[in-house]
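Enquirer: One structure is given below, represented as structure tokens, and several questions about it will come after.
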Amino acid sequence: MNLARLDLNLVVALRALLEERNVTHAGQRVGLSQPAMSAALARLRRHFDDDLLARVGGHYELTALGQVLLDRTSTAYDVLERLFSSQADFDPAKAEREFRLLASDYAVAVFGTELARVVHEEAPGIRLRFTQAPPTVVDDTATLLSATDGLLMPHGVISDFPATDLYDDRWVFLVAQDHPGVEDRLTRQDLARLPWVTYQRTYDAPAVRQLAMLGIEPRVEVSVDSFQLLPLMIAGTRRLALIQARLARLLTPIAAVRVVEPPYEAVPLREALWWHPVHTHDAAHIWLRDTAAWVGARLPRMDGE
């Protein structure tokens, strides 16, 4: 396929058609007349040798290929939009744009809130959109990073992409304030016998791998998709949870829980901002990374640092 012969405007038309599933509505969305959008659909059908939209009764539905193209077209559109919005110069005080960052709720609570405060003061026209990183981030990192402005994630989960370090953290355990079986210290036997609440994604993989190397198999009783739900699942139970110390410091006032140190030397956690190499020399992304590093360096130090 010769990309030089393709009309990239068809990407815009294709996305609108697949999402709207209506020629008239798709045309209105992108500012084309109904005949012009019908012509674009005809060109797309010839290119893909597929109807893409098939009439069923009084409406259109996506063909099998149309369904496949739906997600791919959205990603391609985002990549093209970011490519052609690249700038040689960037003035944050005057700029108006949105940065989309993939992040866990932990990273948003501990770091994202501070970043948002700084951006609010220095760049009033800049919008930040934090989106939960999908489970496919480890297996499909390149595609996800190409369609976003960055990823907040600790070292040890992904590699082979540029990153700037933000801040350090450490792992601690949470137990209920009135836990009947845990006093001031946990033992490794406690970790094996007590039920766990876990964060169901694999982004804390280094910490989980360490448990496996120590021969500890967590008996998971509850799994949640938010680090910030861990204290609420711990309070009033015999459960325990592994959580980042910075987040624990923020959340212990909202639930009847207490922090207990691990009965082993827990692997440290270093949070970083990762990005796709296509953004490396873009002025806006350089400003974003420099600002993020500045914010991370000024977070309060943890005990023991």
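The values are calculated or read from the model by the stated rules, or taken from the named source; none is laboratory data. This one's a predicted model, so the numbers in the text were calculated from it and none came from an experiment. Ideal geometry is used to build each Cβ from the backbone, glycine not excepted, and the neighbour counts take in all protein chains shown. To get the accessible areas, we keep the full protein, side chains included, count just its heavy atoms, and leave off ligands, DNA and RNA. Shrake-Rupley method; radii C 1.70, N 1.55, O 1.52, S 1.80 Å.
Enquirer: Within the range 252-281, track down each residue that is under 21 Å from the mean Cα position of the chain (by Cα) and open to solvent by less than 70 Å² (accessible area, probe 1.4 Å).
Expert: Listed by number, the residues that qualify are 269, 271, 272, 273, 274, 275, 276, 277, 279, 280.
Enquirer: Then there's this: Is one or more of the residues making up the range 133-145 in contact with a His (Cβ under 6 Å, 6 or more places away or on another chain), of a type outside the set (Gly, Ala, Ser) and closer than 30 Å to residue 73 by Cβ?
Expert: The initial filter retains those residues of the range 133-145 that are in contact with a His (Cβ under 6 Å, 6 or more places away or on another chain), namely 145.
Checking the rest, the ones that are also of a type outside the set (Gly, Ala, Ser) come to 145.
The next check asks that each one be closer than 30 Å to residue 73 by Cβ; those that pass are 145.
Yes - at least one qualifying residue is present in the range 133-145.
Enquirer: Then there is this: Could you identify the single residue in 55, 72 that is open to solvent by 50 Å² or more (accessible area, probe 1.4 Å) and in a helix (DSSP H, G or I)?
Expert: Working: 55 fails: in a helix (DSSP H, G or I).
Residue meeting the stated conditions: 72.
Listed here are the residues, each with its yes/no results for (1) in contact (Cβ under 8 Å) with a residue 24 or more places away in the chain; (2) closer than 27 Å to residue 295 by Cα; (3) touching a helix residue (DSSP H, G or I) at 6+ places or on another chain (Cβ under 7 Å); (4) open to solvent by less than 70 Å² (accessible area, probe 1.4 Å).
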residue: 162; (1), (2), (3), (4): yes, yes, yes, yes
residue: 171; (1), (2), (3), (4): yes, yes, yes, yes
residue: 175; (1), (2), (3), (4): yes, no, yes, yes
residue: 183; (1), (2), (3), (4): no, no, no, no
residue: 232; (1), (2), (3), (4): no, no, no, no
residue: 238; (1), (2), (3), (4): yes, no, no, no
residue: 249; (1), (2), (3), (4): no, yes, no, no
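Enquirer: Filter the range 126-153 for residues that are at pLDDT 85 or above, open to solvent by 20 Å² or more (accessible area, probe 1.4 Å) and not hydrophobic (A, V, I, L, M, F, W, C); which is farthest from residue 287 (Cα to Cα)?
Expert: Selected residue: 132.
Enquirer: For the condition free of Cβ contacts under 8 Å to residues at least 40 places away in the same chain, open to solvent by 10 Å² or more (accessible area, probe 1.4 Å) and within 25 Å of residue 253 (Cα to Cα), what is the one hit in 200, 189? I'd like the intermediate steps shown before the answer.
Expert: Numbers: 189 fails: within 25 Å of residue 253 (Cα to Cα).
Criteria check complete, one pass: 200.
Enquirer: Right, next: Among the listed residues 14, 10, 18, identify the single one that is touching a strand residue (DSSP E or B) at 6+ places or on another chain (Cβ under 7 Å) and either open to solvent by less than 50 Å² (accessible area, probe 1.4 Å) or basic (Lys, Arg) (or both). Break it down into steps so the answer makes sense when it comes.
Expert: On the way: 14 fails: touching a strand residue (DSSP E or B) at 6+ places or on another chain (Cβ under 7 Å); 10 fails: touching a strand residue (DSSP E or B) at 6+ places or on another chain (Cβ under 7 Å).
Selected residue: 18, the only one of 14, 10, 18 that is touching a strand residue (DSSP E or B) at 6+ places or on another chain (Cβ under 7 Å) and either open to solvent by less than 50 Å² (accessible area, probe 1.4 Å) or basic (Lys, Arg) (or both).
Enquirer: Now, a different point. Would you mind stating whether residue 145 is outside any loop (DSSP other than H, G, I, E, B) and within 11 Å of the chain's Cα centre (by Cα)?
Expert: Details: outside any loop (DSSP other than H, G, I, E, B): yes; within 11 Å of the chain's Cα centre (by Cα): yes.
Yes; evaluated as a whole, the condition is true for this residue.
Enquirer: Could you say whether any residue in the range 115-122 is open to solvent by 70 Å² or more (accessible area, probe 1.4 Å), at positive phi and out of contact with any Asp or Glu (no Cβ under 7 Å at 6 or more places or on another chain)? Step through it out loud before you land on a result.
Expert: Of the range 115-122, the ones open to solvent by 70 Å² or more (accessible area, probe 1.4 Å) are 117, 120-122.
Applying the additional criterion that residues be at positive phi yields none.
No, there is no match, as no residue in the range 115-122 is open to solvent by 70 Å² or more (accessible area, probe 1.4 Å), at positive phi and out of contact with any Asp or Glu (no Cβ under 7 Å at 6 or more places or on another chain).
Each row is one residue, and each column tells you yes or no for (1) in a loop (DSSP other than H, G, I, E, B); (2) closer than 21 Å to residue 156 by Cα; (3) in contact with a His (Cβ under 8 Å, 6 or more places away or on another chain); (4) aromatic (Phe, Trp, Tyr).
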position	(1), (2), (3), (4)
211	no, yes, no, no
230	no, no, no, no
243	no, yes, no, no
246	no, yes, no, no
266	yes, yes, no, no
272	no, yes, yes, no
281	yes, no, no, no
295	no, no, no, no
301	yes, no, no, no
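Enquirer: Could you check residue 90 against (1) within 24 Å of the chain's Cα centre (by Cα); (2) in contact (Cβ under 8 Å) with a residue 24 or more places away in the chain and say which number it fails?
Expert: Condition not satisfied by residue 90: (1).
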